[in-house]
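*Asks:* Have a look at this one before I ask anything.
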Amino acid sequence: MTSPLASRPRVGRTSPRVLAVVLDRSHARVFAVTAQDAVEIADISSPATRGGRFHSDRHGAPGGGEHAYHQRLEEECRRHFRAVSEVLTAELVGHPGDHLFIAGPGPMATVFRHHLTVDLSSRVIGAEQLNPLEATPAIVAAAAREAERHHHHEAEQTIMAAVAEGLGTGRATNGLRETLRALAHGQVRTLVTHPHARGAGYRCLQSGRLVLTAAECRGEGGPREVADIVRAATREAVRQGAQVIVIQDPTVAREIDGLAALLRFP
């Protein structure tokens, strides 16, 4: 088995990657794909039994018969998948934002995914048919980025569907005033916004509560103007330990009235 390519320094990297693995039953190539480029970081080859279909009297199926031959193929494949998984696991340590993209000839990507650990499988954003020998950084990067776009779009749609469902049960808000009120009560589990959300507001000096109008601070120490209430709400949500999701798809983002939230409790 060949070793991964020479290891690269891992200091200073903060942006998430997609690790794209293109493999067959004895060979795998791993690429690190970012928004800027795609770099091959590992090339793994595992020993494989030669030969085609089983024939009891031909060297294409050495060993003690058809059953032993196929068992040997399965074991070689398992060892190969294990070696590839170990490389992926090592690359992903300390980088929870990285994702995986799998490609291979025929059903190979699906078969490999069934052998992944729960953690690795949870990072998979897509799969495609591609031969390792035909893979170039440009081809792999295009496929991985398209899978990432599709994955993000589906995830954003899922979030907004949860918001829509939660509005009917009191477990979500959609609108600046309602979301700021929930934030003041510590209810926000997930704050949802979009890159163009803006709006002025106030912070009540005594309570620290974020509000839209100065009148809402009556009895709470007076108002202090806040130039960007959405940014201030985002910082407050992070301080409270809430997740913050920025919806990037313009079509999906139109469903958000400035700020929305999924709540910890009604």
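*Asks:* Rank-order 181-194, 244-257, 19-32 by packing density, defined as the average count of other C-beta atoms within 10 Å over each peptide's residues, highest first.
*Replies:* By packing density, highest mean first, the sequence is 19-32, 181-194, 244-257.
*Asks:* Report, for the chain, the % of DSSP beta bridges that are antiparallel, rounded to 5. Please list the in-between numbers first.
*Replies:* Numbers: 26 of 40 bridges.
Counting DSSP beta bridges with both partners in the chain, the antiparallel share is about 65 percent.
*Asks:* How large is ³J(HN,Hα) for each residue in region 142-156, as worked out from phi by the Karplus curve 6.51 cos²θ - 1.76 cosθ + 1.60 (θ = phi - 60°), to whole Hz, x for Gly and Pro?
*Replies:* 4, 5, 5, 5, 5, 4, 5, 4, 5, 4, 5, 4, 5, 5, 5
*Asks:* Still on this model: Give the list, by residue number, of cysteines in the chain with no other Cys Cβ closer than 4.7 Å, or say none.
*Replies:* Taking the Cβ cut-off of 4.7 Å, the unpaired cysteines of the chain are 77.
*Asks:* Among 85, 107, 140, which residue has its Cα furthest toward the positive end of the charge dipole of the chain, with +1 on Lys/Arg Cβ and -1 on Asp/Glu Cβ?
*Replies:* Of 85, 107, 140, it is 85.
*Asks:* Starting with the highest mean, order 79-87, 115-123 by the number of other Cβ atoms within 10 Å, averaged over the residues of each peptide.
*Replies:* On the way: 79-87: 18.1, 115-123: 13.3.
Listed from highest to lowest mean packing, they are 79-87, 115-123.
*Asks:* At 7 Å along the Cα-to-beta-carbon direction for both residue 95 and residue 251, put a label point, then send me their distance in nm to one decimal.
*Replies:* According to this spin-label approximation, the distance is 3.1 nm.
*Asks:* How long are the semi-axes of the ellipsoid equivalent to region 168-263, from square roots of 5 times the Cα gyration tensor eigenvalues, in whole Å, largest first?
*Replies:* The equivalent ellipsoid of region 168-263 has semi-axes of 22, 14, 11 Å.
*Asks:* For region 167-173, take each phi angle, set θ = phi - 60°, evaluate the Karplus expression 6.51 cos²θ - 1.76 cosθ + 1.60, and give the result in whole Hz per residue in order, putting x for glycine and proline.
*Replies:* The phi angles translate into 4, x, 10, x, 9, 7, 10 Hz.
*Asks:* Still on this structure, I have one more. From the phi of every residue in region 108-120, what ³J(HN,Hα) in whole Hz does the Karplus formula 6.51 cos²θ - 1.76 cosθ + 1.60 yield, where θ is phi - 60° and glycine or proline is x?
*Replies:* After applying 6.51 cos²θ - 1.76 cosθ + 1.60, I find 4, 4, 5, 4, 4, 4, 5, 9, 7, 5, 4, 5, 5 Hz.
*Asks:* OK, next. From zero outward in steps of 5 Å, how is the percent of C-alpha pairs of the chain spread across the bins?
*Replies:* Over the chain, the share of Cα pairs per 5 Å bin runs 1, 6, 11, 12, 12, 10, 9, 9, 8, 7, 5, 4, 3, 2, 1, 1, 1, 0, 0 percent.
Bear in mind these aren't lab numbers, they're just calculated from the coordinates by the rules spelled out. Fair warning: this is a prediction, and the values are worked out from it, not measured in the lab. Cβ coordinates were reconstructed from backbone atoms using ideal geometry, including for glycine residues, and neighbour counts include every protein chain displayed.
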